[in-house]
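Shown below is the structure under consideration.
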Amino acid sequence: MLKPTIIGLLTVVLLSVLTCYWLIFIRVTNAGLTFENELQIPEQSFGTVVEGRRQFHLTVAEGTREFLPGRQTPTAGVNGPYLGPTLRLRRGEDVDLVVQNNLDEMTTMHWHGMHVPARMDGTPHQRIEPGESWTASFEVHQQAAPLWYHPHPHGTTGRQVYRGVSGLMWIDDDESDALDLPKTYGVDDIPLVIQDREFDGDGAFRFAVNQGAVYGSTMLLNGTWSPLLRVEARRIRFRLLNGSNARIYYIGFDDGREFHQIATDGGFLEAPLQTNRVILAPGERTEILVDFSDGAEAVLKSYPEAGLVETIGSYFGGIGTGNLQLLKIVPQPPSRVSHGLPERLSSIPRIDAAQAAKARPMVLAGPVQRGPEGQGGRGGRAARVGQGAQGPQGGQGGRARRVGPLGIPINGKTMDMARIDEVVRLGDIEIWEVTNRGGQPHPFHVHLVQFQILDRNGRPPSASERGWKDTVLVPPGDLVRIIMRFDRYADPQVPYMYHCHIMEHEDNGMMGQFLVVEDPALLSNSPSHVAGG
Ligand code: C2O
Ligand code: CU
Ligand code: CU
């Protein structure tokens, strides 16, 4: 009598385990796509050259777009209803970016990854009020890189980006010109902005905070739902941006095909790296070369590879496991021979850790510091500028609009726009030791610089992270040491930001401010105040 019961029990257990496994690791969240929509390619813009300066006009405004058949979605975009043009910049040129805010709320525009003076950076301090415009002027002096732009108003960045305000900004230079790589925009050089969205029944975007951030179960690629891309059956270059508010993607092809990663956030790798996965956290970019000369169709996908505990947590937390179909690619007969695979792409001299003037701890999601400097602190001696300087007083600049009940701190503090958190000496090399004491991964972003990853938990970075980075994913418990050189743009008043690029974390205060100054000691005599520029 006992045996059948045990067998029955075992069967039930086995079946439930298999079902769970299937639900969590096999089932695709957005299964059943028929890929009937041509992938939209954002317009590219070279601007206009006026008296030697390349000028771009960007108008941010509301719009409507049909993403899902028969449903109109209220949106916001740049020079159009959703996303913005891909801006093409060249190293060595001077640019003016004129941003007109036609929204009915304040915005800013940040050039993510670009080395620019602090008052041109488009941080929360460079406010553009409704109906007003703001111009960022700077020289492009960094190497070819796939950068992007997005609003950065404190407390509402996530909402504005979610509605559609962001775009790509690519730098070219002599080095990239000389490389035998696909360069025909939209033909063999394909921009791919990856975003997850949640839709209401009437087609409106649903901005719903779950697990502290905003996730969606519907994928938009360049703002296209259920997208198909026809390419010639040869080597195709994709420049990927994770433009999502919070979701991390583990990207590969459904047929397991290998491809070559050729770039990171800030430019080319030294050599193509053969792989079948790239990991992209919010804010990160990569470029890949994929050979379609076999003529076989493939689906670009994201896989549930965050790790067992994380993936099960995401499943039961209701944000999906990240098992997602992204884009179907259908090769067509080629009109020309394929580009080769360059042996070398660039040279990346390693920054010498022995030359670092300073190591700065950056503790993500650690304990909240008590007192005026900590969470919710106001007024008092806010900044630690130089040696015991009386810093900017609290009160100006406004408080974070909280997305959730509690902000996640960096070094025990949540963002205060009137407080300078760190002061860097112009010309210094610094090591930032980023540790994650929390239970979820945080992509850590630093403005102004491109950095190198020295090590992760004492081990050298993987080949895929050995390029220039401005955003680095820091999983729970990890210590990532990054090294960077602050070789330009001192400003004793206007700070740059460092923050988690999960936009709801950032909006909720997971951000800090640093000044770059010629002599930090001077600041202690003349208290700085945070200015907008
Ligand atoms: Cu992509 Cu501070 O930003
Ligand atoms: Cu940035
Ligand atoms: Cu975060």
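The values are calculated or read from the model by the stated rules, or taken from the named source; none is laboratory data. The structure presented is a predicted model; accordingly, all values stated were derived computationally and were not measured. Because the Cβ atoms are built from the backbone with ideal geometry, glycine has one as well, and the counts that use them run over all protein chains shown. Quick note on the areas: whole protein, heavy atoms, side chains included, nothing else; ligands and nucleic acids left out. Shrake-Rupley method; radii C 1.70, N 1.55, O 1.52, S 1.80 Å.
Pick from Y82, Y21: which is of a type in the set (F, W, Y) and over 27 Å from G201 (Cβ atoms)?
Only one candidate passes the filter, namely Y21.
Can you pull out the residues in the range 51-69 that are over 29 Å from P331 (Cβ atoms), of a type outside the set (K, R) and touching a residue at least 40 places away in the same chain (Cβ under 8 Å)?
If the condition is that a residue be over 29 Å from P331 (Cβ atoms), of a type outside the set (K, R) and touching a residue at least 40 places away in the same chain (Cβ under 8 Å), then G52, Q55, F56, H57, L58, T59, V60, A61, E62, G63 are the ones that fit.
What pairs come out if I take residues in the range 488-505 that are touching a residue at least 24 places away in the same chain (Cβ under 8 Å) and small (G, A, S) and pair them with residues that are more than 8 Å from ligand 3 (Cβ to nearest atom) and outside any helix (DSSP H, G or I) whose C-beta lies under 8 Å away, six or more apart or interchain?
Going by the 8 Å Cβ cut-off, the qualifying pairs are A490/L426; A490/V516; A490/V517; A490/E518.
Right, another one. Does S133 fit the bill of being of a type in the set (S, T, N, Q), under 26 Å from F46 (Cβ atoms), open to solvent by 10 Å² or more (accessible area, probe 1.4 Å) and in contact with a helix residue (DSSP H, G or I) (Cβ under 7 Å, 6 or more places away or on another chain)?
No, not satisfied.
Looking at (1) open to solvent by 10 Å² or more (accessible area, probe 1.4 Å); (2) in contact (Cβ under 8 Å) with a residue 40 or more places away in the chain; (3) β-branched (V, I, T), which is the one condition that is false for T73?
So T73 meets the others, but not (1).
Could you list all residues from the range 417-456 that are more than 22 Å from the chain's Cα centre (by Cα) and among the acidic types (D, E)?
D421, E422, D428, E430
Against the condition under 26 Å from D173 (Cα atoms) and out of contact with any Pro (no Cβ under 7 Å at 6 or more places or on another chain), how does L280 come out, does it pass?
Yes: the conditions hold for L280.
Take the conditions touching a residue at least 24 places away in the same chain (Cβ under 8 Å), over 30 Å from L406 (Cα atoms), within 16 Å of ligand 2 (Cβ to nearest atom) and not aromatic (F, W, Y) and apply them to M510. Does it pass?
Here the answer is no, as M510 does not meet what is asked.
So that you can scan it fast, the table gives a plain yes or no per residue for (1) charged (D, E, K, R); (2) in contact with a Gly (Cβ under 8 Å, 6 or more places away or on another chain):
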position	(1), (2)
D202	yes, no
A208	no, no
Q211	no, yes
G216	no, no
L221	no, no
W225	no, no
R230	yes, no
L241	no, no
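Inside the range 184-193, can you point out the residues that are touching a residue at least 24 places away in the same chain (Cβ under 8 Å) and not hydrophobic (A, V, I, L, M, F, W, C)?
If the condition is that a residue be touching a residue at least 24 places away in the same chain (Cβ under 8 Å) and not hydrophobic (A, V, I, L, M, F, W, C), then Y185, G186, D188, D189, P191 are the ones that fit.
Matching residues to (1) within 16 Å of ligand 1 (Cβ to nearest atom); (2) open to solvent by less than 40 Å² (accessible area, probe 1.4 Å); (3) modelled with pLDDT under 95; (4) among the small types (G, A, S):
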| position | (1), (2), (3), (4) |
| --- | --- |
| V446 | yes, yes, no, no |
| I453 | no, yes, no, no |
| P461 | no, yes, no, no |
| E465 | no, yes, no, no |
| K469 | yes, yes, no, no |
| R485 | no, no, no, no |
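Among what's in the range 83-115 and is touching a His at 6+ places or on another chain (Cβ under 9 Å), under 17 Å from R53 (Cα atoms) and open to solvent by 20 Å² or more (accessible area, probe 1.4 Å), pick the residue that is farthest from ligand 1 (Cβ to nearest atom).
G92
Name the one entry in Q355, Q387 that is away from ligand 3 (no atom under 16 Å from the Cβ), within 28 Å of I431 (Cα to Cα) and at pLDDT 95 or above.
From the options Q355, Q387, the qualifying one is Q355.
Continuing with this model, one more query. How many residues are more than 15 Å from I431 (Cα to Cα) and part of a strand (DSSP E or B) when one looks only at the range 464-486?
Final tally of qualifying residues: 2.
Something else about it: Please go through the range 252-274 and give me each residue that is in contact with a helix residue (DSSP H, G or I) (Cβ under 8 Å, 6 or more places away or on another chain) and either within 16 Å of ligand 1 (Cβ to nearest atom) or open to solvent by 30 Å² or more (accessible area, probe 1.4 Å) (or both), ordered by number.
T264, L273
Is there any pair with a first residue in the range 171-183 that is in contact (Cβ under 8 Å) with a residue 12 or more places away in the chain and a second that is polar (S, T, N, Q) whose Cβ atoms are under 6 Å apart and which are 6 or more apart or on different chains, and what are they?
Close Cβ pairs (under 6 Å, with a partner that is polar (S, T, N, Q)) amount to D173/Q143.
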